[in-house]
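Working notes, structure below.
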Amino acid sequence: MKRIEEFLKDFNRLTEDFDKIQKEELLDRITILSKEAEESALFEVHISLLNLLNDFDRDKAYLVLKDCISLIQKYFLREDEFLIITEDEPSFSELIKSLKLEGFKVSIKNYDFEVIDYIYSRRPDVILIDNDLKSHGVITLNILNDEEILKKMPVVAFGKGSKEEKLYFLSLGVVDYIEKNFDVDEVLLKLKNIYRLSNTYIKNNIYDVFTGVYSRYHGDIISKKNF
């Protein structure tokens, strides 16, 4: 699956070279971008390119490609994708480094009530909660549960490893519980899978999980059908 920055580079190169590209090559490159967009859950981009390919017009193609660039920048180029709630950032330093090397954005927040406002305003793709020796993670997780955030986005808990703690977190609805002193490579693969599944679900969802109104993806389908 391509990173968003790579898609932007591909689209920018295509628009920059647009006048030099022959029709057949242009169609081939747009077809490839359409398939890659679908595989990466960029469904708004995929639909726009698919509609263009079904009724191809060279003059229209340039405008569609520029619109796709705007779509990616506005809706998919996120400022942060993973939010880690902890007061022990050094314990996550290698994981943070690995996530960033994969092209993900990472934000670190402490345990406080302001983190709820942050989640609602920024909507991270995956939340990681560290349960420290003072059980700050348990308190934070209960707040997220009261706000029904666990129903709206995936949350992964990190803890000391006791069976009681693990079962409690899982009973609240976290998608995974990971013991501290974890293997970074293993956890990185888990988080990438959770991120991919979360994005595929959210972008295919009929309703926006926060506002309750039609999602952009479903709204696009409905509006095209009606008009």
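Modelled spin-label separation between Q73 and K35, with each label point placed 7 Å from Cα along the Cα-to-Cβ direction: 2.9 nm.
For N145 and D57, compute 0.36 nm times the residue count separating them, minus their Cα-Cα distance, and round to one decimal in nm. Spell out each step's value before the answer.
Working: separation 88, 0.36 × 88 = 31.68 nm, distance 5.02 nm.
Full extension from N145 to D57 adds 26.7 nm.
Over the stretch 82-204, Cα pairs under 8 Å with separation of 6+ residues give a relative contact order of 24 percent.
Can you divide the C-alpha Rg of the stretch 4-77 by 2.2 N^0.38 Å and report the result to two decimal places?
Numbers: Rg = 11.1 Å, N = 74, 2.2 N^0.38 = 11.3 Å.
After normalising by residue count via 2.2 N^0.38 Å, the value is 0.98.
Taking amide H positions as modeled 1.01 Å from N, with prolines and chain starts lacking one, no residue 5 or more places away or on another chain lies under 5 Å from L42. Classify the stretch 137-192 from the C-alpha gyration tensor, please: rounded if a/c falls under 1.5, else prolate or oblate depending on whether a/b exceeds b/c. Note, shape of the stretch 137-192 comes out oblate. The distance between label points at K163 and K192 comes to 3.4 nm (points 7 Å beyond Cα on the Cα→Cβ vector).
Of K35/K74; K66/K151; K151/K180; K74/K151, which ones are farther than 32 Å apart at the Cα?
Numbers: K35/K74 21 Å; K66/K151 35 Å; K151/K180 25 Å; K74/K151 25 Å.
Cα-Cα > 32 Å for K66/K151; rest within.
The aspartates and glutamates whose alpha-carbon is closer than 16 Å to the alpha-carbon of K166, local same-chain residues fewer than 8 away aside, are D130, D132, D176, E179.
Read-outs: derived from the displayed coordinates by stated rules, not from any lab. Predicted model only: the values in this text are computed from it and were never measured. Quick reminder, even Gly has a Cβ in these numbers, built from the backbone with ideal geometry, and neighbours come from all protein chains shown.
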